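Some notes on the structure that comes next.
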Amino acid sequence: MADKTGPDGTGETGRGRQPEATIRDDELERRRRDLEASLATRRTDRFEGKDEAKAATGYGQALKLSSEFIAGVVVGVGLGWFIDRLAGTAPWGLIVGLLLGFGAGILNVLRSAGLTSEFGQGGKPREPKE
Amino acid sequence: MAADKVDPIHQFQIHPIIPLHIGGYDVSFTNSSLFMVVTIVLASGFLYMSTASRALIPGRLQSVSEMAYEFVGNMLRDAAGKQGMQFFPLVFSLFMFVLVANLIGLFPYFFTVTSHIIVTFTLAILVIGTVLVYGFAKHGFGFLKLFVPHGVPGYLLPLVVAIEIISFVSRPVSLSVRLFANMLAGHITLKVFSGFVVSLSAFGAVGIAGSVLPLAMAVALSALELLVAFLQAYVFAVLTCMYLNDALHPSH
């Protein structure tokens, strides 16, 4: 066999008669290429898809990300405290609110950096907005 | 009042110009209100005057207004689609208000309206209120799909929805904190470096020679502040557009 993936002179194409190891290699190769392609789109999203990130200075970026995180924690704690006051469940609302707020803060930071999906888009990566 | 000269916070003090109390509430006309009025008069006056002639071939001022219009228009179309243009008046007013307020705050002895979190928070509440009201009016309870990402297993759903709701509520907070913090920090730094110039000059010839350094820093910072004033108005408007996009298309 001169060419592993091409027609092998028998009139057949494809992988029908190849040993199993080659198939697995092909499969792996294909998956690796897919992964690379999706990573490439992600990267362009992160660095070019966002006009705001393009214009922002390093200082502005730092302030943006930290404000996103702090806002998440503050709102989580605030909501927890509010529920405590209404329902008299102190201190559980505050504790749960703090933990959820921490999660929301991380989510905010990831969203703001374009590393995860936007609101209501599920697993799909952010669409480039040009 | 020698102490006030080196007090970098003094510039943010609010003092009533026309004291007014209605029903136990203090609704005095303060320096903050004065500068809000100045901002609005300047912004609308400029737009009115510059577009009054409505020339087919715009003059200098008219093309500045047209640039502002197209800048905000393109931003809104990119972020929220053609449908988003119904919110153009809101976004344009917000952008102009924040921009002009930031810019006139750069003048010495002028009050910076946007350096007070209550002002920026009110603007952010206005934005998020619009998103909520419009979202529920247009999509009904379908708007709540915004908080339910696709492909999340059922047992994780309560946790994820709670986090998404907190994340949504934190948006106006981060929007307002960002603008306010940038303005506050910038003006304090500017004041501190300018204060160094004054206090160093008191130490005779060596002090005067040394005060060149903070003076140069203050000049550089002024340029940076000008950039930040534009950038923050832009960021505020862009984020407004993105949030409005969620109201228009809650599930993409």
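Read-outs throughout are calculated quantities, based only on the coordinates presented, and are distinct from any laboratory measurement. These figures come from a predicted structure and were not determined experimentally. Glycine also receives a Cβ, built like all others from the backbone with ideal geometry; neighbour counts cover every protein chain displayed.
Whole-Hz Karplus values for the range B:17-25 come out as 9, 10, x, 8, 10, 10, x, x, 9 Hz, taken residue by residue from phi with 6.51 cos²θ - 1.76 cosθ + 1.60 and θ = phi - 60°; glycine and proline positions read x. P(r) tail, the range B:114-187: Cα-Cα pairs separated by more than 15 Å, 63% of all pairs. By the count of other C-beta atoms within 10 Å, a proxy for reagent exposure, A:Arg24, B:Arg77, B:Arg171 are ordered fewest to most as A:Arg24, B:Arg77, B:Arg171.
Both numbers refer to the Cα atoms of the range B:163-252; Rg and Dmax are 20.1, 68 Å. Residue exposure proxy: B:Ile163, B:Ile57, A:Ile106, ordered by other Cβ atoms within 10 angstrom of their Cβ from fewest to most, comes out as B:Ile57, A:Ile106, B:Ile163. Can you list residues from other chains, or at least 5 along the same chain, whose modelled amide H is less than 5 Å from the amide H of B:Phe29? The answer is B:Ile17, B:Ile18, B:Leu20. Taking amide H positions as modeled 1.01 Å from N, with prolines and chain starts lacking one, the residues under 5 Å from B:His150 and 5 or more places away or on another chain are A:Gly122, A:Gly123. Size descriptors for chain B (Cα atoms only): Rg and Dmax, in that order, 22.4, 74 Å. Centroid-to-centroid, using Cα positions, the range B:41-76 and the range A:80-118 are 43 Å apart.
Given +1 at the Cβ of Lys and Arg, -1 at the Cβ of Asp and Glu and no other charges, the dipole of the range B:102-252 around its Cα centre is 120 debye to the nearest 20.
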